[in-house]
Structure formats: structure tokens, C-alpha cells
Amino acid sequence: MNILEESSRRLMQRLAEFAEYSDEPDGRLTRLYLSPAYLGACERFCQWARIIGLTPYMDAVGNIRARYEGRRVGAPALMIGSHIDTVRNAGRYDGNLGALAALSVVEMLIQRRERLEIAIEIVAFGDEEGVRFPTAMTGSRALAGMLSPNWLDAKDDDDVSLRDALMASGCSPELAQQARARDVFAFVELHIEQGPRLEAEGLAIGTVTAINGASRLEVRVLGSAGHAGSVPMELRRDALCAAAEMVLAVEREGIKAGDVVGTVGRINALPGAINVIPGVVTFSVDVRSTSDQTRQQSVSKLEANFRNIAGRRGAVAEVTQTHNANAYECDNRIVSGLDAAVAACGQKVFHLSSGAGHDAMIMGQICPAGMLFVRCAGGISHNPLESITLADCEIGLATLFEFVRTVRPDFEAA
């Protein structure tokens, strides 16, 4: 068995072990940012890094980072990695594949006793998913110097602020500006596709050319709670009925606008009793598009529509934007380099865009960035059925390794 085969098998084994770090005891994988499971996974990642000779550390916002020096100390660094937080009831490959593959790439270089003209900086990001707090991509935003002024005030469902969660995790939020990536000339992320195109094409790997922009809203509808039996229908100010109409408005906007997808993934009605008219409802809205202008127009239309619906029903709609990320076109030099690596590994070059957001789109604001997608079964993601094969894992790892070994700060081939 050669180094690549051995490394691919070890990577799959690590992914299986990593999936055991979950906030839920029933076998479901849920690893929320800064939770006990997240911190446990961070420590396991650090253990693996130490075993191969690296000196990993957790930065001020909970990312895990480690550097493999080049032939010259202080050489410009290529950053590789992905996120290790998950959605609720997740699959084991989303994010984790790219983070652990980055570790595998450096491990293979060490096994070959090979130093490059560049340094390699590994990163395992936190809070890419934005599930625990009304934030997203906190880890990569910190590295890009793009944290919002009030980011530390965000609170989770248990009223724990991001500031307190970071401090309880041993992080130093007041030093977040020092987490900014420096002397990084490019960023590359390996990730499962989270869609069916590669499988439909019969391909194991593809080069990403663009990433959809995304906006997230938190909507709070204020009506009036009342007795389910004694308040006449025509006199009700039912917050849930108003919210239901708003949810359908999100669907209609996505269909009408064309290059837009809109999703309401979470809704909560209070007081939550079977015999009480809901007085307060909160729900999330996720709007995405390849066109920032189209996405922003849809968001504006939705905000106006929500307020009109609420007013017509005697309610009030409060709309807060919790996340905004512009669409990102992957750097042409990175795309060309990844294409060359794909071809060098005997695979057909194939381009595709990403409907999902990724840390690469944030890192692309400070350095050239790009992505490789690995085929996933049925295009299923954010789901326990998420799956990749050992063979595809090996192709993905081989392609990333080839790119890392041949890229230069000026993007010329070796």
C-alpha cells in the first residue's frame, strides 16, 4: 500500500472517529460552535496534529491552526482547511473532510520528508454553519478581519452571548483582531459537493468557479395571545397565521425571482400551548443567489412584504439581518491550478458552482481562493445519509496534494 492509499484510509477512519464528537448522545451528529463536542473535536484535531510533529493552537475565536514551514522559515503560506462545526443531525463529511484532509496533506509531506518553497497553514474553522448563534462564518471572518462591530453580543437560544461562550472556551475575544491571517498568499478548501452534479456526470472531483451569495434574516412577529375558544376569528391578531403567510411569501419570491432560493428553516411560536393563540412568532429566512443585486432586491421585497402582511393582520413585524455574504467568483489562477492538479491525477476537468456558502468566499476577500468538490452520494448533505466512497476520498486527497506541491506564490507551476 502506497502513502496515498494509506493516507486515504486513515482519513476515512479519522472522519468516522471525528463523527463521535457530538452534542447529542443518541448517535446523531450535532456539533455546535464552542459546545463541549466542538471543543472535544478541537482537542482531538490538535492531538493528531501533534502526533505528526506540528504545533497546533486555538486562536482567539476558536479556530484550530497549525503551520508547516517551508524550506525557508517565514515563507509565504498557502492556507488549506475547512470547518468542523456541523448542523443539527448532520453527516460526517461536510466541512470535516476538508479540515482533516488538510492535516493528511501535511502528514504525507512529512512522511516523504519533503519541504516546499511555501509554508502550509492548516485551519479548522468554527461557526461556518451559523447554527448556534445568529452569526455565520465567524472563524473565517476573523481571519479576514471582517467581524461586525457587535458580533460578540450575539446570543444563542439559551441566552448565552458569543462573548461569554468564547471566554468559557478559553478563547480571548478581545484579541480577535490578532487572529487575522497574515502572509497567506492563497486559500484552498476541499469539500463535498452537497449537490448531485458530479454524480450525474460520473465524476469524482470538480473545480468550483463561483459561490452563491447569501443573506439571513431573523423575523419576529408580534401579535396578541388569547384564549383559543373565546376570541372570535375576525378579532384575532394571530402571530402564527401572519408568519405562515410570510413563509409562503418567501417561497413565492424564490419562484418569481428566478435566480434566487429562499428557505425558512426554523420557526418558533409562543406561548406554545395548544389552547392559546400564538402572540409571538420568530422564524429564520435564508436567501441565496449567484447575483448579489438580485438577492438584495429579493431581501428588500421580502422585508416590505412582511411588514405589509403584519399590518394587514394587526400585527408587527421586526426584521433583523443576521448574515450577509456576497457571491464570490473563485480566483482564475487558483481555478487553473486546481484544473491542472485534477488533470495530473488522471481525472476529467469539470467546472461547477456552489449553491452553498463556504469559508472560501470569506477568505477570498483577502487573498485568492478556490475550492475542490468531491462527489457525494445522491447529492445528499446536511443529513446523516451524507456519504462518500474511499475511492473518491483518495482522488480528492491526491488532487489537493498535487496542487499543494505545485503551487507557487506567483501561481506558476513547479
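With 20 Å bins beginning at zero, the pair-distance distribution over Cα atoms of the chain amounts to 26, 55, 17, 2 %. Counting only aspartates and glutamates at least 8 places from residue 256 when in the same chain, those with an alpha carbon closer than 18 Å to its own are 245, 286, 292, 303. Equivalent ellipsoid of the range 174-304: semi-axes from √(5λ) of the C-alpha gyration tensor, largest first, are 40, 20, 15 Å. Distance between the C-alpha centres of the range 139-163 and the range 7-46: 23 Å, rounded to the whole angstrom.
Computed from the C-beta positions of residue 3 and residue 259 and an R0 of 41 Å, the FRET efficiency is 0.40 to the nearest 0.05. Per residue of the chain, the DSSP helices (runs of n ≥ 4 H) give a summed -39500 (n - 2.57) that works out to -11000 deg cm²/dmol at 222 nm. An oblate overall shape is assigned to the range 1-82, the ratio a/c of its alpha-carbon gyration tensor axes (a ≥ b ≥ c) being 1.5 or greater and a/b not exceeding b/c. Looking at the square roots a ≥ b ≥ c of the eigenvalues of the Cα gyration tensor of the range 104-227, which shape do they give, rounded for a/c under 1.5, prolate if a/b is larger than b/c, or oblate? It comes out oblate by the Cα gyration axes. Among 376-388, 181-193, 153-165, 226-238, the peptide with the highest mean count of other Cβ atoms within 10 Å heads the list, and the full ranking is 181-193, 376-388, 153-165, 226-238. Taking the chain as the reference, fit the longest principal axis to its C-alpha atoms, fit the long axis of helix 239-257 to the helix C-alpha atoms, and give the angle between the two in degrees, 0 to 90, nearest 10. Approximately 50 degrees, to the nearest 10. Ordering 167-173, 109-115 by mean Cβ neighbour count within 10 Å, with the highest value first, yields 167-173, 109-115. At full extension, residue 406 and residue 172 could sit 80.6 nm farther apart than now, given 0.36 nm per residue minus the alpha carbon distance. The charge dipole of the chain, taken about its Cα centre with unit charges on the Cβ of Lys, Arg, Asp and Glu (plus for the first two, minus for the last two), comes to roughly 300 debye. Assuming a ≥ b ≥ c are the square roots of the Cα gyration tensor eigenvalues, decide whether the range 335-414 counts as rounded (a/c under 1.5), prolate (otherwise, with a/b larger than b/c) or oblate. Oblate, because a/c is 1.5 or more while a/b does not exceed b/c.
Inter-label distance, residue 270 to residue 200: 4.3 nm, where each label sits 7 Å from its Cα along the C-beta direction. Residues 312, 375, arranged from fewest to most other Cβ atoms within 10 angstrom of their Cβ, appear as 312, 375. Ranked by how many other Cβ atoms sit within 10 Å of their own Cβ, fewest first, the residues 349, 221, 260, 342 fall in the order 349, 260, 342, 221. Remark: relative contact order (the range 214-325) = 44 percent; criterion is Cα-Cα distance under 8 angstrom and separation of 6 or more residues.
With respect to the chain, whose longest principal axis is taken over its alpha-carbon atoms, helix 36-51 is tilted by about 10°. Its Cα centre serving as origin, the range 32-107 has a Cβ charge dipole (Lys and Arg +1, Asp and Glu -1) of approximately 140 debye.
One chain, two ends: residue 332 and residue 159. Fully extended at 0.36 nm per residue, the span grows by 57.9 nm beyond their Cα-Cα distance. Against the main long axis of the alpha-carbon atoms of the chain, helix 292-312 sits at an angle near 20°.
Taken about its Cα centre, the range 214-325 carries a charge dipole of roughly 100 debye when the Cβ of each Lys and Arg holds +1 and the Cβ of each Asp and Glu holds -1.
Read-outs: derived from the displayed coordinates by stated rules, not from any lab. All values derive from a computational prediction rather than experimental measurement. Positions of Cβ are backbone-derived with ideal geometry, glycine not excepted, and every protein chain shown enters the neighbour counts.
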